[in-house]
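Trainee: Questions regarding the structure given below will be posed in turn.
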Amino acid sequence: MPDVLNVTRAELFKLVRRPAAWTLLAAAALLSQVFGYLIPYLSFAGDGSGPIEGASKDAILASTLPDQIVASTLGGFPVFAGALALVFGALVLGSEYGWGTVKTVLTQRPGRTAVLAGQAVALAMSVAVGVLVLFVLGAASSTAIALSQGESTAFPSVLDLLGGYGAGVAIMLMWAGLGGALGVVLRGVALPIGLGVVWVLGVENLIAGVASSVLTALRPLRDVMPGINAGSLASAVMPTRPPGLESPPGINSDVADGRALITVACYVVVCLAVALWTYRRRDVA
Amino acid sequence: MTAETVVEVRELTKTYGEVAAVDQVSLSVRRGEVYGFLGPNGAGKTTTLRMLLGLIRPTSGDLMVLGRQPGDAGVLARIGSMIEGPAFYPFLSGRANLQVMARYAGSGSSKIDETLETVDLASRGDDKFSTYSLGMKQRLGVAAALLKDPDLVVLDEPTNGLDPAGMRDMRALIRRLGDSGRTVILSSHMLGEVQQICDRVGVINAGRMVVESTVDELRGDSELVVRATPADVVRSTLDQLAYVQSIRSLDDEVRLRVDERHTGEVTRALVLAGVDVREVRRIDRQLEDVFFEITAKESSHA
């Protein structure tokens, strides 16, 4: 156990000094703000020909207010935050192979299980902090909009906030775990990122689209897909949307709430198990 | 295995498919000695060292390091190593890289400055690893190996990529480590290097251990070099001397294995035979000569 803690400390020491980690967080924060607040706000403040069609200005404004923070923040997860988390997981675990530092790390003291466990803990802590940053920025922007428009600055209940935050962390953990496991199994960064992003942004949407329209026999397959379950989990913790606004892309209720949470948790566990199994038994050449 | 044996390897084998990278290698390293692991590139040195550190699982054979199985946390904590080149985080400074390693090892950061000083990197410690020259990276690797104040230091080709001054400093450093009571295992394909700093040597070729002995034993007696003409008379004269143990002709010189007290008699016999003697001197047989002799013998048996 002290070994796991030592590894976690070493990993966090590296992560806070790693430019790539900050770049990913900055990208997630920027995209989250642009799509969650800036674009809706501009549509509201503009001449009415904004990008969001079929919704009243009042509804658009309402979607940016503090009581919609969970929806505004989680709304971006299926489209970009998940992919960024996958990249992050692949970077944290896969880069060690590119730099050849696996051997350096594994000859310090902790055994392989302790090293991977410590890395997983550091990854989880970073993801939790990252999601927190997105929520805090959302809180700041929504409060600013509410104040400037004389609207209510009331946030959801603490329980709803925690539920939203927890679901967000679970979803990001799943994607980061998939990236990390691919990084270990494929011993690198480029291939896991390439495959992962194609999957998240392409293949899964394709399967979901086909399953809901022309080939309903694919639904059982669709319902175990990571992105579909993440979208269902996000939708489970979101408040009722203002009238006339559709759910953000990728947010769905294809899978029942409880099942979505269990599926996401299963992905986290399976990723960890696969990475550990591979890491423990392979020679470090 | 005695208390004085730090590493005990018995019939260690690692095969990749049909190919045996390491084939029934046995060796033992005693406490406090500098052990040279010598062989050409691709002989199986690095694979053997990786198995000592638990990075590679042997196909068969026994392996004990500091009394335990390799890769055990308690053992790794007492070994400082650099295997096949230094590998660190490019976005961190040299010092920060050592801080990371200290955290992994749970060994505290108190020795970092001292260690950077030891490898002469103190002035560049705050520069990024990615800006280091190969020699500096190599020295950081040694610094990381020393950080744990290890009982056993394993260095794989530590002078690779160093300039002559860097090589000299590195050898002096390794010698000091040995003198301070640490056990050092050093792999090298440079025979002169091993000869200068090692107490004992294991020679490996094509995955098989060729010989294991002290440097002195391996080097054997010194040789007498004779440069004289005409060559045929020189050869026939020397052949008649009973106390000459062996003769080999090299280019324009002849090398004899003969006891030092017979040097005068050899010279006299040559002069009396009417030979023009231009040079008679004693040289130590170089490990290089021994090595080629042994490996040539090995491959001709194969």
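The values are calculated or read from the model by the stated rules, or taken from the named source; none is laboratory data. These numbers come from a predicted model, not from an experiment. Cβ placement follows ideal geometry from the backbone for every residue including glycine, while neighbour counts extend to all protein chains displayed. What goes into the accessible areas is simple: the full protein's heavy atoms, side chains included, and nothing from ligands, DNA or RNA. Shrake-Rupley method; radii C 1.70, N 1.55, O 1.52, S 1.80 Å.
Trainee: Under unit Cβ charges (Lys, Arg +1; Asp, Glu -1), what dipole magnitude, rounded to 20 debye, does the stretch B:221-284 have relative to its Cα centre?
Mentor: Value, rounded to 20: 100 debye.
Trainee: For B:79-86, what's the mean count of beta carbons from other chains sitting within 10 Å of each residue's beta carbon?
Mentor: 3
Trainee: Restricting to the protein assembly as shown, what percent of DSSP beta bridges are antiparallel, rounded to 5?
Mentor: 65
Trainee: Considering chain B as a Gaussian network with a 10 Å cut-off on Cα pairs, which listed residue, B:ASN205, B:ASN41, B:ASN97, attains the greatest mean-square fluctuation?
Mentor: Judging by the Gaussian network model, the answer is B:ASN41.
Trainee: Can I ask one more? So if R0 is 41 Å, what FRET efficiency would B:GLU114 and B:ASN41 give, r being the distance between their Cβ atoms, rounded to the nearest 0.05?
Mentor: 0.75
Trainee: Which of the lysines could a cross-linker bridge to B:LYS137, judged by Cα under 24 Å and excluding same-chain residues fewer than eight apart?
Mentor: Candidates past the 8-residue exclusion: A:LYS14, A:LYS103, B:LYS45, B:LYS111, B:LYS128, B:LYS148.
Trainee: Accessible area per residue of chain A at 1.4 Å probe, in Å²?
Mentor: Accessible surface, normalised per residue, equals 44 Å².
Trainee: Continuing with this model, one more query. At a Förster radius of 60 Å, what calculated FRET efficiency corresponds to the Cβ-Cβ distance of A:LEU38 and B:ASP72, to the nearest 0.05?
Mentor: 0.60
Trainee: How many Å² of accessible surface get buried when B and A come together, counting both sides, probe radius 1.4 Å, rounded to the nearest 100?
Mentor: Chains B and A together bury approximately 2700 Å².
Trainee: Rounded to the nearest 10 Å², what accessible area does A:SER126 show when all protein chains are kept and the probe is 1.4 Å?
Mentor: Rounded to the nearest 10, the figure is 30 Å².
Trainee: Between B:PHE292 and B:GLN245, how high is the FRET efficiency from 1/(1 + (r/R0)^6) when r is the Cβ-Cβ distance and R₀ = 25 Å? Nearest 0.05.
Mentor: 0.80
Trainee: On a full-extension model of 0.36 nm per residue, what is the gain between A:MET125 and A:LEU147, subtracting their alpha-carbon distance, rounded to one decimal in nm?
Mentor: Full-extension gain reported as 4.6 nm.
Trainee: Taking amide H atoms as placed 1.01 Å from N in the peptide plane, list the residues 5 or more away in sequence, or in a different chain, whose amide H sits under 5 Å from that of B:GLU84.
Mentor: B:ASP156
Trainee: Rounded, prolate or oblate: which fits chain A, taking a ≥ b ≥ c as square roots of the Cα gyration tensor eigenvalues, rounded meaning a/c under 1.5, else prolate when a/b beats b/c?
Mentor: prolate
Trainee: Let me ask something else. Give the shape of the stretch A:152-214 as rounded, prolate or oblate, defined through the alpha-carbon gyration tensor: a ≥ b ≥ c are the square roots of its eigenvalues, a/c under 1.5 means rounded, and otherwise the shape is prolate if a/b is larger than b/c and oblate if not.
Mentor: It comes out oblate by the Cα gyration axes.
Trainee: Calculate the mean, over all residues of peptide A:177-185, of how many other protein chain Cβ atoms lie within 10 angstrom of the residue's Cβ.
Mentor: Neighbouring Cβ atoms belonging to other protein chains average 0 per residue here.
Trainee: With the solvent-accessible surface defined on protein heavy atoms using a 1.4 Å probe, which residues belonging to the stretch B:34-73 display a reduction of at least 50 Å² in accessible area in the multichain context relative to the isolated chain?
Mentor: B:ARG50, B:LEU55, B:ARG57, B:ALA73
Trainee: About its Cα centre, how strong a charge dipole does the protein assembly as shown have in debye, to the nearest 20, once Lys and Arg get +1 and Asp and Glu get -1 at the Cβ?
Mentor: Once rounded to the nearest 20, the dipole reads 620 debye.
Trainee: Within 10 Å of each Cβ of A:7-17, how many other protein chain Cβ atoms are there on average?
Mentor: 4
Trainee: Report in % the part of the accessible area of the stretch B:221-284 that belongs to carbon and sulfur, leaving out ligands and nucleic acids; probe 1.4 Å.
Mentor: 46
Trainee: Amide H neighbours of B:SER93 under 5 Å, at least 5 residues apart or on other chains, H built in the peptide plane: list them.
Mentor: Amide H neighbours of B:SER93: B:PHE129.
Trainee: So, one more: Over the stretch B:5-218, consider all pairs of different Cα atoms and compute the Kirkwood hydrodynamic radius from their mean reciprocal separation; express it in Å, one decimal.
Mentor: 17.4
Trainee: May I ask you to derive the relative contact order of the stretch B:221-284, considering only C-alpha pairs under 8 Å and at least 6 residues apart, and to give it as an integer percent?
Mentor: It comes to 52 percent, rounded to a whole number.
Trainee: Also, quick follow-up: Top mean-square fluctuation among B:VAL142, B:VAL100, B:VAL203, Gaussian network model of chain B, C-alpha springs under 10 Å?
Mentor: Per the Cα network of chain B with a 10 Å cutoff, B:VAL100 tops the list.
Trainee: If you don't mind, there's one more thing I want to ask. Along the stretch A:148-165, what does the Karplus equation 6.51 cos²θ - 1.76 cosθ + 1.60 (θ = phi - 60°) give for ³J(HN,Hα), rounded to whole Hz, x for Gly and Pro?
Mentor: Those phi angles translate into 5, 9, x, 9, 5, 9, 6, 8, x, 5, 4, 4, 5, 4, 5, x, x, 5 Hz.
Trainee: With every protein chain left in place and a probe of 1.4 Å, what is the accessible surface of B:PHE37, to the nearest 10 Å²?
Mentor: 0
Trainee: Starting from the Cα-Cα distance between B:ARG31 and B:ASP284, subtract it from 0.36 nm times their residue separation and give me the gain in nm to one decimal.
Mentor: Answer, rounded to one decimal: 88.3 nm.
Trainee: Still on this structure: Residue by residue, what Karplus-based ³J(HN,Hα) values in Hz, rounded to whole numbers, does the stretch A:197-207 have, using 6.51, -1.76 and 1.60 with θ = phi - 60° and x for Gly and Pro?
Mentor: Values per residue, Gly and Pro as x: 5, 4, 5, 4, 8, x, 4, 5, 4, 4, 4 Hz.
Trainee: Under 5 Å between amide hydrogens, which residues at least 5 positions from B:ASN205 or on another chain qualify, with H placed 1.01 Å from N in the peptide plane?
Mentor: Here B:VAL210 satisfy the definition.
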